[in-house]
Amino acid sequence: MDPLFDQINVRDLLSGHDLSDPSTPLSAPDLRLLISRLESHSLHIKSKVRSYLLSHRDDFASLFSQCNDAVSKTNEISDNLSDILSSISDRPIDVEIRKLVCEIGNTTKEAREKREMLGLLRIIVAICERLEGARSALRNGRLRFAAEEVKELKKAVRIGDEEEGEPIVYGLLRKQWADLFDEVQDLFSKFMEHAVRFEQDSRTIRVKYILSVDEMDGIELHTVMEAMGAAGILDYSLAKAADLIIKHVITPAVNYESPVALVEDVSQGSEGISEAVLKLLPSEDHNVVDVDGDAIYARVIQVIKFIFKHLCFENGSWIRSFGRLTWPRISDLIISKFLSKVVPEDASKLPDFQKIIKCTSEFEISLREMMFISASDDKDYRLSNYAENVEVHFAFRKKTEILGRARNLLLQCDFSVPQNYTSKGTLLKNDGMASGQVVDLIFSSERCVVSKASSQLMELVHRTLQDVCLSSTRVALEFYHAARDSILLYEAVIPVKLERQLDGINQVAILMHNDCLYLSREILGLAFEYRTDFPDSIKEHAVFADMAPSFHLMAEEILQRQIQIVIFNLREAIDGADGFQNTHQMQQFESANFSIEQVVFILEKVRIIWEPLLRPSTYKRSMCMVLESVFSRITKDMLLLDDLAAEETLQLQRLIHLMLDNLSSLLKSLVSVTDSSVKSEDSIRPIDDIIPSLRKIRKLAELLDMPLKSITSAWESGELFSCGFTIPELKDFIRAIFADSTLRKECIWRIENVSLY
């Protein structure tokens, strides 16, 4: 049958025609031919199909029969299914089944919860009964049983394992357990207070073996110790006894300056030992100083052996607990009372300390054998570590002493200068002074006066750095830091100590300025002087230059502060002249004259303080700054005056001459100063160039009685310009002195139009 369904090719039906061009239309004959051939081909296919069906008639009949049976069965199944669905929809059995299953599940859950609740109730009842039983046992003297129950019940009530949302009853049980635990602790504390007692009068420690507390008689100390260990409260219960023994027995035993003797005694009863006693007696060898520590360590060992035997009954865990409580404090006492006091004062005596190191090591070995200290915990070997590091302790001790001496000399110094040293040149020219306050400045040929505090401080620093050169690495490092810290102490102590005195004009501020300058120079020289002799490891870290700038800056700040204070006082004095107005009136002249006298007085006071103490170059520079401020202010006030009478100009001239005459010695002192340490122009410049306003005020005195034409000529020649006068100042001055006239206008015009640049 397959060939019948092949595709019909039109080209085969019209094979006689040219169909290569698809766009060529078919003619009517071609179409008729095509239809005829298609009909013939269709008849042929039908004939083939009919022949095929006839030849396979039985097969098709069987196939149609099977199909009919399948359709019949399908209809039957459909009918049955419809019946089932109809019956289900009328009676919803699935809902009933689901409901039944839920009821069974709820009933099962309730039964399980009730069983769990019942089990929890049994546990709670059991815990309550055990708590009550433990409390009853505690009251009846069955201490070990009560202690073990408390420890086990701690786990049962989950102490330390609380959870959110747990039953409230657990909180109640924990509260009952905590109350019981407090009772146990209180009872055992009473037992230990009764067991270990110290009698102050006889200086005796008593340890009783048979105890009676709260109507419980005949309780053995050993039983109490076992019960405390079982309850896990041994440390808590032994704390008071440990404190008692350390305070009254160990502390006297480790005092090597006032040694004691320990005498042990045991009282025997009918049933064995009833009491052990340890007495402290004055030592017969109280004049012998125990420099090696043998006797101290022996006394401590004797006390611990007494505790080990009579309180801990040679039980390793008990003595270890006692050791944990007491050893940190005992070791601190031995270090503070003995080891720290026998650290050598001199590095040459360090080898003699080896015997103390050996005794200390043997002492800790004995404690380890008694299990008083741990064999594995290095922290328990504090004494050996301290003794073996004696170099560090020696260095630390020396550093502390150095800093203490530095602080004391800074605090005790009063920064005063003897009265006979304050006259001109006395301090700086007297080479035979015993005070040591005159010092040479490094990197300069100048000298200055410093306080005893700074000179002694640097002596201490130099001695310390010399020790650095001769010491081991660890000691040298501490000495190096001590030297640095000693210098820095000046910066920390002195400004605070002298803060109030820095607000006035006095010697203290100048001495402090000199101190800071001196220290800055000395600091810069330390590295050059000592670095080559330092141990190699110190050379890499030794730095001093970083401290110098702060001292130099402090010196300059103190000096500038003094200069500003002086200038402020001078300005206040000048303010009293009321701008030098109306000096032709007697009262105003006297007021101005008094102001000038105040200015001269202040300047002379400053000169008396500054000249003997400051470096010549610093004195000259500072005083010139002050004088420039004074002269410029007075000149400015006088040039601001207007409408001056002839007599008034003479009085102003008189005031200027009076001031300059009184300051002549001060000005001569500045002229005589030469700065030999610094090759600068100031050392050879005239004083008028250093103080420009001095030339100006001198010229102002001349101008006050000079004719107008002379004033104009002086300006045209450049003389007044070189003295610092300006055109506005000169014009106002001329208008104030000379009346309005053609000559005045001409002179002002000439002044305005002359070229001086």
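Nearest 10 degrees, 0 to 90: what angle lies between the long axis of helix 548-575 and the longest principal axis of the chain (Cα atoms)?
In the chain, helix 548-575 runs at an angle near 50 degrees to the longest axis.
Using a 7 Å offset from the Cα along the Cα-to-Cβ direction at both residue 608 and residue 118, what is the distance between the two label points in nm, to one decimal?
Going from the residue 608 label point to the residue 118 one covers 11.3 nm.
Which residue, 56, 412, 205, has the largest displacement toward the positive end of the dipole of the chain when charges sit on each Cβ (Lys, Arg +1; Asp, Glu -1)?
About the Cα centre, the residue reaching furthest to the positive side is 412.
For residue 65 and residue 379, compute 0.36 nm times the residue count separating them, minus their Cα-Cα distance, and round to one decimal in nm.
Computed gain between residue 65 and residue 379 is 102.5 nm.
Which of 251, 455, 272 sits closest to the plus end of the dipole of the chain, meaning its Cα is farthest towards the positive end, when Lys and Arg get +1 and Asp and Glu get -1 on the C-beta?
Most positive-ward Cα: 455.
Could you calculate the FRET efficiency of residue 445 with residue 501 from 1/(1 + (r/R0)^6), where r is the beta carbon distance between them and R0 is 30 Å, rounded to 0.05?
For R0 = 30 Å, the calculated efficiency reads 0.45.
Residue farthest toward the positive end of the dipole of the chain, with Cβ of Lys/Arg at +1 and Asp/Glu at -1: which of 34, 354, 172?
354
Using the Cα centre as the reference, give the magnitude of the dipole from point charges on the C-beta atoms of the chain (Lys, Arg: +1; Asp, Glu: -1; all else neutral), rounded to the nearest 20 debye.
Dipole of the chain, to the nearest 20 debye: 860 debye.
Whose amide H sits under 5 Å from the amide H of residue 220, counting only residues 5 or more places off or on another chain, with H placed in the peptide plane?
Here the answer is 211, since their amide H atoms fall under 5 Å of that of residue 220.
Sorted by mean Cβ packing within 10 Å, highest first, what order do the peptides 497-503, 574-580, 367-373 take?
In descending order of packing, they fall as 367-373, 574-580, 497-503.
What is the local net charge at residue 600, summed over the other residues whose Cβ is closer than 15 Å to its Cβ (Lys, Arg +1; Asp, Glu -1)?
+2
Please give the calculated 222 nm ellipticity per residue for the chain, where each DSSP H segment of at least 4 residues contributes -39500 (n - 2.57) and the sum is spread over every residue; nearest 500 deg cm²/dmol?
-22000 deg cm²/dmol
In whole Hz, what ³J(HN,Hα) sequence does region 700-709 give by Karplus (6.51, -1.76, 1.60; θ = phi - 60°), x for Gly and Pro?
Those phi angles translate into 4, 4, 5, 5, 5, 10, 9, x, 4, 5 Hz.
Just the Kirkwood number for the chain, please: inverse of mean 1/r across all distinct Cα pairs, in Å, one decimal.
40.5
What angle do you read, to the nearest 10 degrees and between 0 and 90, between the alpha-carbon axis of helix 586-613 and the longest principal axis of the chain?
Long axis of 586-613 versus the principal axis of the chain: about 70 degrees.
Please list, short to long, the whole-number percent of alpha-carbon pairs of region 130-267 in consecutive 10 angstrom bins beginning at zero.
Percent of pairs per bin, in order: 11, 35, 26, 17, 9, 3, 0.
Using a Förster radius of 60 Å, what is the FRET efficiency between residue 485 and residue 159 based on their Cβ-Cβ separation? Nearest 0.05, please.
Taking R0 as 60 Å, the efficiency between residue 485 and residue 159 is 0.70.
Would you please put 622-631, 240-249, 509-518 in order of how densely packed they are, using the mean number of other Cβ atoms within 10 angstrom per residue and starting with the highest?
Those peptides, ordered most packed to least, come out 509-518, 622-631, 240-249.
For region 197-279, would you read off the P(r) tail past 21 Å as a percentage of all alpha carbon pairs?
Considering region 197-279, 41 percent of its Cα-Cα pairs are separated by more than 21 Å.
Give me the angle, in degrees from 0 to 90, between the Cα long axis of helix 390-412 and the longest principal axis of the Cα atoms of the chain, rounded to the nearest 10.
40
Taking 0.36 nm per intervening residue step and subtracting the Cα-Cα distance, what contour gain separates residue 587 from residue 217 on full extension?
Result: 122.3 nm gained on full extension.
Restricting to Cα atoms and excluding each atom paired with itself, what does the Kirkwood estimate give for region 463-544 in Å?
14.2
Over the chain, what percent of the accessible surface lies on carbon and sulfur atoms, probe 1.4 Å?
53
Quick check for you: with a 1.4 Å probe and neighbouring chains kept, what is the accessible area per residue of the chain, in Å²?
Ligands and nucleic acids excluded, the figure is 55 Å² per residue.
I'd like the FRET efficiency for residue 317 and residue 101, computed as 1/(1 + (r/R0)^6) with the beta carbon distance as r and R0 of 56 Å, rounded to 0.05.
0.35
Give me the distance in nm between label points sitting 7 Å out from Cα along the Cα-to-Cβ direction at residue 368 and residue 251, one decimal.
Reported label-point gap for residue 368 and residue 251 is 3.1 nm.
How big, on average over all directions, is the shadow cast by the Cα convex hull of region 624-735, in nm²?
7.5
Quick one: which residues, 5 or more positions from residue 275 or on another chain, have an amide H under 5 Å from its amide H? H modelled 1.01 Å from N in the peptide plane, none for Pro or chain starts.
209, 267
May I ask you to compute the full-extension gain from residue 78 to residue 466, defined as 0.36 nm times their residue separation minus their alpha-carbon distance, rounded to one decimal in nm?
127.6 nm
The values are calculated or read from the model by the stated rules, or taken from the named source; none is laboratory data. Quick caveat, the model's predicted, so the values are computed rather than measured. Note that each Cβ is placed from the backbone with ideal geometry, even for glycine, and that neighbours are counted across all protein chains shown. SASA here: full protein model, heavy atoms, side chains in, ligands and nucleic acids out. Shrake-Rupley method; radii C 1.70, N 1.55, O 1.52, S 1.80 Å.
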